[in-house]
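*Asks:* Following this message is one structure expressed as structure tokens.
Read-outs throughout are calculated quantities, based only on the coordinates presented, and are distinct from any laboratory measurement. From a predicted model like this one, the values you see are computed outputs, not experimental measurements. For neighbour counting, all protein chains shown are included, and Cβ atoms are generated from backbone atoms with ideal geometry for every residue, glycine included.
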Amino acid sequence: MKLLVLSQPEWIDGESEILSHLLSLPGFELLLRKPEASEAQQSALIEALDPKHYPRLWLRGAPILTLEYGLAGHHFPQNQRPQAVCWRRRLRKAGCRLSTGVHDPRELVQLEGYDRALFSPVFDSISKPGHRPNYKPAELEAGLRKLPFEVFGMGGVRADKLGQLKSKGFKGAAILGALWEATDAFEALKQIIKQAQTP
């Protein structure tokens, strides 16, 4: 199962060092997600990471930076999909993949022009208390198996939930709270990667 780790939306002390340490582990991609960051701040964070990791990085932010640094992909949140239309051609020409967030199974079947969708919440959220699934599981699972793009489950995803995600038809898992609320994020990620690689 594929893994995508999301950075904390807020800035944390020593963030580039922490992310670099996590990126020393293989087996996952990283989405840099700083909704309130300026383009300069996003650029500084990218430059603080070793360029050898750029093929594993996705950015939620300024699309021009995804192009400039040759990152793996760009994430357009649900409210920025109109903006994606203007950038899609340039990003694809540069070999970048595109993703977006989805919260309703009916939206998935209408989605076009993306390589990946992050569907949430699949389980009760760890980082957003009270954020829980509000859809019919059968409706979601039937749709997942027919889509031409990969769907990653997000929300409440821990190592012991990866098997359930696979059985539901998800191609990957997006990790946030299970990592950043752990006592040791590095060890937590090692366990998640190990579980994701279990047949």
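*Asks:* Grab the Cα-Cα distance for R145 and D13, subtract it from 0.36 nm times how many residues apart they are, and report the gain in nm with one decimal.
*Replies:* Gain on stretching R145 to D13: 43.4 nm.
*Asks:* List the relative contact order of segment 56-97 as a percent without decimals, with contacts defined as Cα pairs under 8 Å and 6+ residues apart.
*Replies:* 41
*Asks:* May I pose another question? Points 7 angstrom from Cα along the Cβ direction at K2 and A40: gap in nanometres?
*Replies:* Going from the K2 label point to the A40 one covers 3.5 nm.
*Asks:* Follow-up question, since we're still on this one. I need to check one value: relative contact order of the chain, counting alpha carbon pairs closer than 8 Å and at least 6 residues apart, in percent.
*Replies:* Once divided by the residue count of the chain, the mean separation gives 19 percent.
*Asks:* Each label point is 7 Å from the Cα along the Cα-to-Cβ direction; what then is the distance between the points at D104 and Q80, in nm?
*Replies:* If labels sit at D104 and Q80, their model points lie 2.2 nm apart.
*Asks:* Sticking with this one: So what's the back-of-envelope 222 nm ellipticity for the chain, counting only DSSP H runs of four-plus at -39500 (n - 2.57) apiece and dividing by all residues, rounded to 500?
*Replies:* Only helices count here, giving -10000 deg cm²/dmol.
*Asks:* Okay, next question. Just subtract the alpha-carbon distance of R89 and S127 from 0.36 nm times their residue separation and send over the number in nm, one decimal.
*Replies:* That works out to 10.3 nm of additional length.
*Asks:* Here is the link list: K2/K52; K93/K190; K128/K166; K52/K171; K34/K166; K168/K194. Which ones come out longer than 30 Å on Cα distance?
*Replies:* K93/K190
*Asks:* Cα centroid distance between segment 148-196 and segment 24-55, in Å?
*Replies:* Segment 148-196 and segment 24-55 have Cα centres separated by 20 Å.
*Asks:* Separate question: Which of the peptides 84-90, 6-12 is most tightly packed, and how do the rest follow, judged by the mean count of other Cβ atoms within 10 Å per residue?
*Replies:* So the peptides 84-90, 6-12, ranked by packing, come out 6-12, 84-90.
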